[in-house]
Amino acid sequence: MTVFLPRPIILRWLFAGMILALFGTASAQAARVQNLYSAELMVAQQTMQVSPDLGGQALAQVLVKVSGRPQVLETEPVRTALASPNRFVQQFSYQSAGQMLTNDDGVEVPAQILRLDFIPALVDQLLQQAGFRPLGAVRPGVLVWIVEERGQQREFLGREEDPVLAPMRERARERGLPLFRPLLDLEDQAALSVSDAWGFFAEPVTKASSRYQADAVLVGRLFPRGGGWQSRWMLLHGDERVLFDGQGDSLGEHLGGAVDQTADRVFADYVVTVADDGGDGVLVEVGGVSQFDHFAPVVDALREMTVVRSVQLLEQNHEVLTLKLQLNGSLDQLKRAIALNNRFSAQEGPLQPLSQAQLYYRWGG
């Protein structure tokens, strides 16, 4: 194990799972989650070794992030591993957090960020033992519109990096869920009014969100009540319109809980368990592969998908590849996984005569 030295002692989580674009304002269509096998904790000092308690907290964070499912922590293999997490640790390091933290003696000290990097192969093996598979690094992007009511005024949050959204960003990092905020520029203001967002009118929300190519859209309304907060949420995902209430008293609980419910629903379409069996495989045609050098990127893109167990090239005819994919999951899960990669564009019919393929795509690499 490589150790980059010095400082831990506990205290609380610093939620950081590192997402390529989190509350960014670029296209919300799928994002690659970085550092899936790393976790960060806030500690009050550095030490030569990471305590099992801290290591277990960090490993739990990574297992949820990699699998996409909190339920993984309820399995017996994972419970056993969390009690002795050090064998999964590849290396750890420290850096200044730029803030103060109260230690066990009640003294304020400069906080440290403890970063732990775990061994991917061992984490994946543990998930396998628990009956889960990694969700994959490429994940659906969720565009978030939030309206806050204070007094008689309602307005969109997030015109800049609004600190009130920090709990949402932190929970999204913890879950490995790419979140994006709209620009809220003149085009957005013309496309979606505050009243339409507050009223959860799906049509104007969908229309306003189309410029961001979002895989899913989350709309929230926040309002203070009785010294606490209340919230109501609408998730637009595919053909679904899901409504749910926020839980808790604090604003952070409402925002973080909304992320959890969104992640649970959005990830459900991509989760593959060990028990999933894709049957005899699927034939896929991919056109637009005009150069031999394009073959490897196509295959690599497919192999990266958790739902794909193996890729076999059956034929290359001019610009069309015919591939046989063995699956870990269902055909619908494969379609959803491929849709996350915008280099594949779905085609309605065969790309060559006498085709036996079930799915047809054009590669835009």
May I ask for the percentage of alpha-carbon pairs in the chain that lie more than 37 Å from each other?
29
Whichever lysines have a C-alpha closer than 19 Å to that of LYS335, once near sequence neighbours (fewer than 8 apart) are set aside:
LYS324
Just report the Cα centroid separation between segment 320-365 and segment 108-159, whole Å.
30
Cα-centred dipole magnitude for segment 83-196, charges only on beta-carbon of K, R (+1) and D, E (-1), debye, nearest 20
600
Can you sort MET42, MET168, MET100 so the residue with the fewest Cβ neighbours within 10 Å comes first?
MET100, MET42, MET168
What order do you get for GLU149, GLU348, GLU74 when you list them from fewest to most C-beta neighbours inside 10 Å?
GLU348, GLU74, GLU149
For ALA30, enumerate residues with amide H under 5 Å from its amide H, sequence gap 5+ or separate chain, H modeled in the peptide plane.
GLY141, ASP215
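Readers should treat all values here as calculations from the given coordinates under stated rules, not as data from a laboratory. What you are looking at is a predicted structure, and each value in this text was computed from that prediction instead of being measured. Ideal geometry is used to build each Cβ from the backbone, glycine not excepted, and the neighbour counts take in all protein chains shown.
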